[in-house]
Each structure stands twice: as structure tokens, then as C-alpha cells.
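The numbers here are math on the coordinates, done by the rules we state, and not lab data. Bear in mind that the values here come from a model prediction, so they are computed numbers and not experimental data. So basically every Cβ, Gly included, is an ideal-geometry build from the backbone, and we count neighbours across all protein chains shown.
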Amino acid sequence: MSNRSRAQSTWEAIPETDRFSWLAFRKAAVELIAVLDADLQEHLQIGFTDFDALVRLLNAPDQTMRVADLARAVSRSPSALTRMVSRLEARRFVTRSRRSPTEVTVTLAAAGHTILDEAAPRHLALVEQLFWSPLAADERTQIGSLCQRLIQARCDAP
């Protein structure tokens, strides 16, 4: 009887370069977001996902999004997003409105603008230091193009 599981055999059947690339991508993403989250928590008492939601609202038409769309944008379940919006609403960063029995929207509020104005310079400097500065100019372009292809492939999938 073999000690090797089917999962291990399946994983090892993938080319080594593909395994390496996938693990490196995951590790880089997790570690970068962990550092950004810790910095936001320490200096502004706000988590990365909350900050991400506020940025998404900032860039949305009328700085408003349907709850379902915001949940997809920040990769949260509707119930997790509801809890997040409740936290953000308690801090007056957002307002929530019911447009119909099934449609709830979230809008960036003045305090949300204030926290983003405070966070943006520090956050973007850290992104530059940890994400962009280790890359050459052509690599910066490549990483964006590659990620866009991955996003598009997911959108095109049945």
C-alpha cells in the first residue's frame, strides 16, 4: 500500500515550473496583502478588505455600488459583506440605502473620503516599495497584462 495520496500524485503530475509559478504567485499575493493589512490596521485601524471596499466605492459611478456587486468586487460572500458594511457604516465611512425590496446600495460618505485621503499616500508608497519597485518597467507592464488575461479567461469561462 502506497503512502502517496491521489492529491499528491495529481499535484506532482503538474509540470514543476507550473507548480513553482502557482505557489510563488499565491505566496507573493498573501504576503503582500498581509503586510498592507497590518500597516492599515496599525496606522488607521482599518483592514485591507475594508480599505479595498472604500476604494471600489470611490471609483464607482456616483461612489455607489449595489451590495451584491461590491461583494463580488472584494471577494466576499453577501453575509460577510453585510457585516463589513455594518462596520463601515458604524464608523460613518459609508451609508446604506434600500432602493427596492431586493436592492441595497452602499455609498461612500464624507468620513470615507477622509480615511482614504489619509490612507492613500502611505498605502501607495508601501505598494510601490513592496510590489512595483522590485520590478523592471517591462515587468510592470507584463504583470498587468498577465493578470488581465487571467481575469478575462475567468470571465470567458462557461
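When the alpha carbon coordinates of segment 9-156 are projected onto the principal axes, the ranges are 50, 35, 27 Å, largest first. Rounded to the nearest Hz, the phi-derived 3J(HN,Hα) couplings of segment 106-116 under the Karplus curve 6.51 cos²θ - 1.76 cosθ + 1.60 (θ = phi - 60°) are 10, 10, 5, 9, 4, 5, x, 4, 4, 5, 5, where x marks glycine and proline. Angle of helix 78-90 to the longest C-alpha principal axis of the chain, folded into 0 to 90 degrees and rounded to 10: 40°.
Taken one residue at a time, the phi angles of segment 40-56 give Karplus couplings (6.51, -1.76, 1.60, θ = phi - 60°) of 4, 4, 5, 8, 10, 6, 9, x, 4, 5, 4, 4, 4, 4, 5, 5, 4 Hz. Gly and Pro are set to x.
What shape does segment 1-80 have by the C-alpha gyration tensor, where a ≥ b ≥ c are the square roots of the eigenvalues, rounded means a/c under 1.5, and otherwise prolate means a/b greater than b/c and oblate the rest? Could the numbers behind the result be given before it?
Values: a/c = 2.92, a/b = 2.11, b/c = 1.38.
In terms of gyration-tensor shape, prolate.
Looking only at segment 38-71, which residues have a backbone nitrogen under 17 Å from a spot 7 Å from the Cα of E89 in the C-beta direction? From segment 38-71, the list is 50, 53-54, 57, 64-71.
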